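Chemist: Pasting a structure here, questions to come.
The values are calculated or read from the model by the stated rules, or taken from the named source; none is laboratory data. Being a predicted model, the structure only gives us computed values, none of them experimental. Because the Cβ atoms are built from the backbone with ideal geometry, glycine has one as well, and the counts that use them run over all protein chains shown.
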Amino acid sequence: MASAAKQSKKLRVLLLPFFASSHIGPYTDLAFHLAAAKPGAVEATVAVTPANATVVRSALARRGPNGGGMVQVATYAFPAVDGLPPGVENLSMVAAADAWRIDVAASDENLMRPGQEGLIRERSPDAVITDFHFFWNVDIAADLGVPCVTFHAIGTFPTLALTHLGNAGVDDANANVATVPGFPSPDIRVPITELPEFMRGQQATSLPKENRFAVAQRRCLGIAVNTFFDLEHGYCELYVRNGYVKRTYLVGPLLLPLPLPSAGASAGDSPCIRWLDTKPAQSVVYLCFGSLSHVSEVQLRELALGLEASGKCFLWVVRANTWMPPEGWKERVGDRGMVITGWAPQTAILSHPAVGAFVTHCGWNSVLETIAAGVPVLKWPMVFEQFITERFVTEVIAIGKRLWPEGAGVRSTTSKEHELVPAEAVAQAVAAFMEPEGPGDVARARVKELSAKAHAAVAEGGSSHRDLHCLIDDLMEARAAAAAARP
C-alpha cells in the first residue's frame, strides 16, 4: 500500500531520444518543462547511452543552476556496431562516412531493444515518451501497463509530407518532381533529388500496406510535437484526421522561455557576443548548418569567398575544425567577419540585435530558434527532411528565401549529387537579402509576427502551456486507469 501511495503522488516519466544532439536537446527541454510544470508532481528522466549523457547535462546546464536538479539522467549500453569505435554514439559526433552505421543500428530492434527494454523494466516508469525510431518501446510500455507517447523533434509539416509521399509512392523513373498528395494549398512540389534516398523509386504498389512505425504510433496515447498552434495547427489536425495518431500535444517551442543567464559564465561572456556588440543593428548575417550537416572543403571555400564579396558583416560557424580559409582571406575580411569552430551559443546569437539574417540548413530546431528570435532566413538545406521544411519556411509561413535560386543547379539529399554553390551566388543572395526595404525586411515583418505568437504560446495560459499540462494530466489519468484495471 505504501508503494501505491508513493506512486500516486509523483508521475515518473522516462524519455528516450534518438542518437543525435538535435533530438537529445529537445527531449531534455521537454523533460525540463514537464518537471517544471508541476514541481513535486512529475519526475522526468532522460535515458541515453553513456557517451550521450554529457549532451543531456550540457542542455540542462543551459537552463541555469536549477536545470540539472530538475531532470535525472539514466544510461543504457550502446550496442557494438561494426565500423564504429567505442564511444561513438551520436550522429553529431561521427564522421560523415560512418553516419549511416548509427542510423541503421538505431532502427535495428534486435540490436537496440535489449538495452532499452532492460532499462525501462528496471526503472518501471509511470509513462514512456519515446522517439518514433524506437517503435518497440510502445510494446514494452504496453507490457508494463503504462501509457506511451511519441515525441517528434521535427515539425508536423515535414513529418506529414514524408508520410503522404511514402504512402503514395515516389517513382523517379517517370517524374523529376513529386507533389505532396493530400495537402492543403499551396501545392508542395519537391524535386526527386531533394527527397530522402530511401523514398526514391518507390511505387505505392511495392510498399507494405502497414509498417511497424505507423502501427506503434497509432497505439500510443498520442504524439507530442515541438511546435505551436499558430505555426502548424492545420497540419497537426490533418495528422489526427487521417488516423495516424489519436491526438497531438503541441508543446513548443521548447527552447522558450529563454533561461536567464547564470551567475557564472554566460553567452554574454563569449567572444562572438562581444564582437556582435560592436556591430550596428540588423547588420550581421549569421551562418550555421547544424550538427548533422557535413560541408565539403571546396564548398567551404566558395562560401568564404562569397561572404567576402558580399560586403556584409557575418558570423559563421564552421563545424570542420581543420578547415583553412583561402590565403589572405582573413586579412581581407578583417573585423567585418568572425568564424567560430565548434559549438556556438545560437539562441543568444539570434537574439542579438546586430543579427539581421540567418543562413540555415532548415533543421527544425533552427527554424524554431529563428522564429523565437524574429530573424528572417536564407535557406540552404542539405539532408533528409530539410528540403521539405524549406518549402514550409518559404511557401507557407514566408519568413525567408532560398539562397540558391530555383533552377540554378541540382540540390540533393545526397552530397555527391548536390552541385557546388558558387561564390557569386552566395555574394548576390546575401547582399540582396540584406538591402534595406528588400526581401529580408519583408520576411522580417512576417517572422516578427510569428515570434510574438511563439512567446505567447508558451506563456501561462498560452496554447503550448495548456497542451503541456494536458499531456501531464492525460498521462496521470492513463496511469490511474491502468492501475485500476490490474487485478
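Chemist: Might you check whether a residue that is in the same structural domain as L16 (by TED's automatic domain parsing) and within 15 Å of L14 (Cβ to Cβ) occurs anywhere in region 54-62?
Modeler: Within region 54-62 (the criterion being in the same structural domain as L16 (by TED's automatic domain parsing) and within 15 Å of L14 (Cβ to Cβ)), the answer is yes, since at least one residue qualifies.
Chemist: Could you grab me the full set of residues in region 289-304 that are surrounded by fewer than 16 Cβ atoms within 10 Å (Cβ to Cβ) and aliphatic (A, V, I, L, M)?
Modeler: Answer for region 289-304, where residues must be surrounded by fewer than 16 Cβ atoms within 10 Å (Cβ to Cβ) and aliphatic (A, V, I, L, M): just V298.
Chemist: Could I ask something else about it? Can you spot a residue in region 158-170 that is assigned to a loop (DSSP other than H, G, I, E, B) and free of Cβ contacts under 8 Å to residues at least 60 places away in the same chain?
Modeler: No, that holds for no residue.
Chemist: Looking at region 398-419, can you tell me whether even one residue there is under 19 Å from L256 (Cβ atoms), among the β-branched types (V, I, T) and in contact with a Cys (Cβ under 8 Å, 6 or more places away or on another chain)?
Modeler: no
Chemist: Next question, about the same structure. Of all residues in region 71-102, which are closer than 12 Å to A53 by Cα and either polar (S, T, N, Q) or touching a Pro at 6+ places or on another chain (Cβ under 6 Å) (or both)?
Modeler: Result: Q72, T75, N90.
Chemist: Considering only region 66-89, I want to know if a residue exists there that is touching a residue at least 60 places away in the same chain (Cβ under 8 Å) and out of contact with any helix residue (DSSP H, G or I) (no Cβ under 7 Å at 6 or more places or on another chain).
Modeler: Checked against the condition, which is being touching a residue at least 60 places away in the same chain (Cβ under 8 Å) and out of contact with any helix residue (DSSP H, G or I) (no Cβ under 7 Å at 6 or more places or on another chain), region 66-89 yields no hits at all.
Chemist: Further, regarding this structure: Sort out which residues of region 305-337 are in contact (Cβ under 8 Å) with a residue 24 or more places away in the chain, within 27 Å of the chain's Cα centre (by Cα) and surrounded by fewer than 14 Cβ atoms within 10 Å (Cβ to Cβ), and write them in order of number.
Modeler: Within region 305-337, just A320 meets the criteria.
Chemist: Tell me yes or no: at least one residue of region 438-452 is charged (D, E, K, R) and outside any helix (DSSP H, G or I).
Modeler: Within region 438-452 (the criterion being charged (D, E, K, R) and outside any helix (DSSP H, G or I)), the answer is no, since none of the residues qualifies.
Here's the yes/no breakdown for (1) under 17 Å from F384 (Cα atoms); (2) in contact with a Lys or Arg (Cβ under 9 Å, 6 or more places away or on another chain); (3) assigned by TED's automatic domain parsing to the domain that holds I397; (4) modelled with pLDDT of 90 or more:
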site	(1), (2), (3), (4)
V170	yes, yes, no, no
A173	no, no, no, no
V180	yes, yes, no, yes
V190	yes, yes, no, yes
L195	yes, no, no, yes
F198	yes, no, no, no
G201	yes, no, no, no
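Chemist: Quick check, is T193 crowded, with 18+ Cβ neighbours inside 10 Å, within 21 Å of I472 (Cβ to Cβ) and touching a residue at least 24 places away in the same chain (Cβ under 8 Å)?
Modeler: Answer is no for this residue.
Chemist: Please tell me if T163 is within 21 Å of F19 (Cα to Cα), under 23 Å from the mean Cα position of the chain (by Cα), among the β-branched types (V, I, T) and surrounded by 13 or more Cβ atoms within 10 Å (Cβ to Cβ).
Modeler: no
Chemist: Every residue in region 64-91 that is within 23 Å of the chain's Cα centre (by Cα), at pLDDT below 85 and part of a loop (DSSP other than H, G, I, E, B), please.
Modeler: G64
Chemist: Here is a follow-up. Give the number of residues within region 92-131 that are more than 22 Å from A80 (Cβ to Cβ) and either at pLDDT below 90 or crowded, with 20+ Cβ neighbours inside 10 Å (or both).
Modeler: 6
Chemist: Which condition number does V177 fail, the rest of (1) over 22 Å from the mean Cα position of the chain (by Cα); (2) among the β-branched types (V, I, T); (3) surrounded by 18 or more Cβ atoms within 10 Å (Cβ to Cβ) being met?
Modeler: (3)
Chemist: Is it fair to say T54 is of a type outside the set (A, V, I, L, M, F, W, C) and within 24 Å of L144 (Cα to Cα)?
Modeler: When the stated conditions are applied, T54 does not pass them.
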